[in-house]
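The values are calculated or read from the model by the stated rules, or taken from the named source; none is laboratory data. This structure is a prediction, so every number in the text was calculated from the model and none was measured. When we count neighbours, we look across all protein chains shown, and the Cβ atoms used for this are built from the backbone with ideal geometry, even at glycine. Just so you know, the surface numbers come from the protein's heavy atoms only, side chains and all, with ligands and any DNA or RNA stripped out. Shrake-Rupley method; radii C 1.70, N 1.55, O 1.52, S 1.80 Å.
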Amino acid sequence: MLRAYILDNQAVARNLLATVLNNGGHEVVGDGNHSATNIARMVKLQPQIICIDIGEPDKDGLALLESVREQLPKSLIFLVSAKIDAEIIQAAQSRGVVGFIVKPFNAVAVLMSIRNTILRIAKQAKSQQTPSADAKAADDDSSIDDTRTAAE
């Protein structure tokens, strides 16, 4: 179960997404619009997942993504939107968005998007750690070979 916070200026959308996340086993620790008070509360709660609808992907919306990323660098940010195209995806990803949730909500699609994103990130993290583990194992093997050679 992951702790989630929903930022969306539409209360109905927040409530629907909260229901989907809660039914999917996540804990929605808060939700609200884009006000400074809500963003401060979100930062205080330190959610693991942030679902954010920036409204129009203009300068202000993209700045909001940057601000959230700076304040919560370890949180996974999901962009929630009714209109997602290649330009929005690229702009969002360059500002720290890791996944996308399309409106209107489909519960299965929302939960699968979150699950698949988390699995992808975990797999990337594991693959980044693996080379150093392989190198250590190779070093251990070579020291075993050195010991054998010295014993012979």
Residues in the range 49-72 that are charged (D, E, K, R) and buried (at least 18 other Cβ atoms within 10 Å of the Cβ) total 1
Would a scan of the range 30-48 turn up a residue that is open to solvent by less than 50 Å² (accessible area, probe 1.4 Å), closer than 22 Å to residue 120 by Cβ and out of contact with any Phe, Trp or Tyr (no Cβ under 6 Å at 6 or more places or on another chain)? no
Exactly one condition in (1) loosely packed, with under 12 Cβ neighbours inside 10 Å; (2) of a type in the set (Ser, Thr, Tyr); (3) within 21 Å of residue 2 (Cβ to Cβ) is false for residue 75; which is it? (1)
Considering only residues that are within 21 Å of residue 103 (Cβ to Cβ) and among the aliphatic types (A, V, I, L, M), which ones fall in the range 40-77? 42, 49, 50, 52, 54, 62, 64, 65, 68, 76, 77
Every residue in the range 3-29 that is without any contact (Cβ under 8 Å) to a residue 60 or more places away in the chain and either open to solvent by 40 Å² or more (accessible area, probe 1.4 Å) or among the charged types (D, E, K, R) (or both), please. 3, 9, 10, 11, 12, 14, 15, 19, 22, 27
